[in-house]
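**Student:** The structure is given below, and queries will be raised subsequently.
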Amino acid sequence: MDRSATVEHYKAAMLLSGVGDALGYRNQLWEYNESGPAIHQELKELGGLKNIKAELPDWPVSDDTVLHLATAEGLATGKTGEELLHEVAARYVEGMKDMDGRKPGPSSILGVSQLKPGEEGGYRVAYNPEGTGCGAAMRSMCIGLRYPKPDQLLSLVAVAVETGRMTHPHPTGFLGAVASALFTAYAVQRRPITTWGLGLINEACPIAKNFARGRGYAVEETERDWGYFCDKWQWYLDMRGISNGWVLRFGSTLPNGPAERRRPIISACRRAEDLVATYVWLIAPRCPPGGRLNWEELIEQSGLPRGDSDSTAVIACCC
């Protein structure tokens with residue numbers, strides 16, 4: 001862990017991740033609301049962010065935080081290897097019992113229903129070509145907290161891939177888990193946010209591909225479907241002007257008006273690569289080199305756009 005990252009930082013990361021989730025979810029009212037201006041108008045009518053006290057019964061967390069805590073609790077046992085995977089799978093099964101009013105995604109529901117923790121191979125599910133959503137990305141930030149050091153990258157990738165494809169075996173789904181875990185580790189390392197995307201493409205994705213190939217599970221399907229995630233991220237980096245070197249062209253492609261600024265560039269962020277890219281798209285251009293956003297702006301940009309706002313915020317606020 002970086003010397004500047006303390007236990008208090010870790011506690012804050014987990015707590016504020018849940019707060020961002022609750023704010024973006026707003027008890028089912030703001031998740032997938034297709035109008036950013038409408039969300040901000042409702043926020044204004046509530047008296048603004050500073051007048052919101054995120055507590056029950058009005059501000060419950062969604063499935064994102066329930067399953068993120070399940071991942072974290074599994075990691076906190078100190079188990080490793082297949083024993084860890086069975087532990088996490090068991091906690092996902094238990095967590096899925098607490099979904100009343102939380103709107104878990106179809107891939108998460110299907111995947112968890114197939115898990116058989118404790119049985120041989122029981123943390124594996126059938127390959128699902130539709131498992132491209134963000135359900136693995138939204139629950140994997142704590143993996144970056146568990147493996148935050150550069151020399152722990154292999155462990156980070158291995159755990160993110162295997163826990164991610166418990167519900168999202170398509171590479172677009174489980175690479176989202178790799179991305180959110182990796183970006184959280186980069187945050188612990190205090191690595192400049194403008195370098196995160198290149199690190200994902202150049203460092204983590206090749207490791208993930210070799211790891212997935214070596215595990216002997218759905219290799220043919222995984223190889224067939226691998227390209228979309230990496231191609232989409234490369235497009236994103238090129239579009240943002242951060243694919244050559246480590247310099248972001250601040251303001252180069254930023255939309256101007258507030259309604260546009262709050263709108264994710266990619267539909268409603270239902271796919272894993274879109275979700276994590278939207279976070280970086282919204283936050284990175286507004287974070288000056290060496291600087292930080294204040295809490296209000298972080299929530300405004302990550303948790304209150306249209307689309308899957310709770311899942312964008314659960315990642316952004318953890319980082």
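**Student:** Here are the criteria: (1) over 23 Å from the mean Cα position of the chain (by Cα); (2) closer than 13 Å to C317 by Cα. Tell me which single one L56 does not satisfy.
**Tutor:** Only one criterion is unmet by L56, namely (2).
**Student:** So which of W196, W226 is over 18 Å from the mean Cα position of the chain (by Cα) and of a type in the set (F, W, Y)?
**Tutor:** It is W226.
**Student:** Can you tell me which residue in region 159-172 is surrounded by the fewest Cβ atoms within 10 Å (Cβ to Cβ), limited to those that are within 28 Å of H9 (Cα to Cα) and of a type outside the set (V, I, T)?
**Tutor:** Only one residue tops the list, namely E162.
**Student:** Do you know which residues across region 136-180 are among the basic types (K, R) and within 17 Å of L85 (Cα to Cα)?
**Tutor:** Scanning region 136-180 gives R139, R146, R165.
**Student:** Go through region 92-111 and give me each residue that's crowded, with 21+ Cβ neighbours inside 10 Å and either among the aromatic types (F, W, Y) or part of a helix (DSSP H, G or I) (or both).
**Tutor:** Y92, G95, S107, S108, G111 - these are the residues of region 92-111 that are crowded, with 21+ Cβ neighbours inside 10 Å and either among the aromatic types (F, W, Y) or part of a helix (DSSP H, G or I) (or both).
**Student:** If you go through region 95-109 one residue at a time, do you hit one that is out of contact with any strand residue (DSSP E or B) (no Cβ under 9 Å at 6 or more places or on another chain) and under 21 Å from A158 (Cβ atoms)?
**Tutor:** no
**Student:** Further question: If V61 meets every condition in (1) more than 25 Å from H9 (Cα to Cα); (2) assigned to a loop (DSSP other than H, G, I, E, B) apart from one, which number is that one?
**Tutor:** (1)
**Student:** Based on what the data block shows, is E42 part of a helix (DSSP H, G or I), within 29 Å of A187 (Cα to Cα) and not aliphatic (A, V, I, L, M)?
**Tutor:** Considered against the rule, which asks whether it is part of a helix (DSSP H, G or I), within 29 Å of A187 (Cα to Cα) and not aliphatic (A, V, I, L, M), E42 comes out as no.
**Student:** May I pose another question? Being touching an Asp or Glu at 6+ places or on another chain (Cβ under 9 Å) and either farther than 27 Å from E203 by Cβ or not small (G, A, S) (or both) is the filter here; which residues of region 122-141 pass it?
**Tutor:** Y123, R124, Y127, P129, T132, C134, M138, R139
**Student:** Residue by residue through region 203-232, note down the ones that are within 9 Å of L175 (Cβ to Cβ) and not in a helix (DSSP H, G or I).
**Tutor:** W226
**Student:** Please identify the pairs in which a residue from region 60-77 that is of a type in the set (S, T, N, Q) and at pLDDT 95 or above has its Cβ atom under 8 Å from the Cβ atom of a residue that is part of a loop (DSSP other than H, G, I, E, B) and surrounded by 24 or more Cβ atoms within 10 Å (Cβ to Cβ), counting only partners at least 6 apart or on another chain.
**Tutor:** Correct list of pairs: T71/S140.
**Student:** If you don't mind, there's one more thing I want to ask. So, of the residues in region 184-206 that are in contact with a Gly (Cβ under 7 Å, 6 or more places away or on another chain) and not β-branched (V, I, T), which turns out to be surrounded by the most Cβ atoms within 10 Å (Cβ to Cβ)?
**Tutor:** Top of the filtered list is A185.
**Student:** Please go through region 131-162 and give me each residue that is polar (S, T, N, Q) and in contact with a Gly (Cβ under 7 Å, 6 or more places away or on another chain), ordered by number.
**Tutor:** Answer for region 131-162, where residues must be polar (S, T, N, Q) and in contact with a Gly (Cβ under 7 Å, 6 or more places away or on another chain): T132, S140.
**Student:** Search region 125-158 for residues being among the charged types (D, E, K, R) and either farther than 30 Å from L15 by Cα or assigned to a helix (DSSP H, G or I) (or both), and hand back the single one that is modelled with the lowest pLDDT.
**Tutor:** Only one residue fits best here, namely E130.
**Student:** When you go through L85, L69 one by one, which is the residue that is under 20 Å from S155 (Cα atoms), in contact with an Asp or Glu (Cβ under 6 Å, 6 or more places away or on another chain) and surrounded by 16 or more Cβ atoms within 10 Å (Cβ to Cβ)?
**Tutor:** Every option except L85 fails the conditions.
**Student:** Just to be sure, is T167 of a type in the set (S, T, N, Q), outside any helix (DSSP H, G or I) and modelled with pLDDT of 95 or more?
**Tutor:** In short, yes.
**Student:** While we're here: Return yes when R191 is farther than 18 Å from L67 by Cα, out of contact with any Leu (no Cβ under 9 Å at 6 or more places or on another chain) and either part of a loop (DSSP other than H, G, I, E, B) or among the hydrophobic types (A, V, I, L, M, F, W, C) (or both) and no when it is not.
**Tutor:** Yes, satisfied.
**Student:** Does region 7-22 contain any residue that is among the β-branched types (V, I, T), part of a helix (DSSP H, G or I), without any contact (Cβ under 8 Å) to a residue 24 or more places away in the chain and under 30 Å from K149 (Cα atoms)?
**Tutor:** Scanning region 7-22, I find at least one residue that is among the β-branched types (V, I, T), part of a helix (DSSP H, G or I), without any contact (Cβ under 8 Å) to a residue 24 or more places away in the chain and under 30 Å from K149 (Cα atoms), so the answer is yes.
**Student:** Given (1) touching a residue at least 24 places away in the same chain (Cβ under 8 Å); (2) over 24 Å from I207 (Cβ atoms), where does T184 come up short, assuming only one miss?
**Tutor:** Checking T184 against (1) touching a residue at least 24 places away in the same chain (Cβ under 8 Å); (2) over 24 Å from I207 (Cβ atoms), the one that fails is (2).
The values are calculated or read from the model by the stated rules, or taken from the named source; none is laboratory data. Keep in mind the model is a prediction, meaning the values are calculated, not measured. Cβ atoms come from the backbone with ideal geometry, glycine included; neighbour counts cover every protein chain shown.
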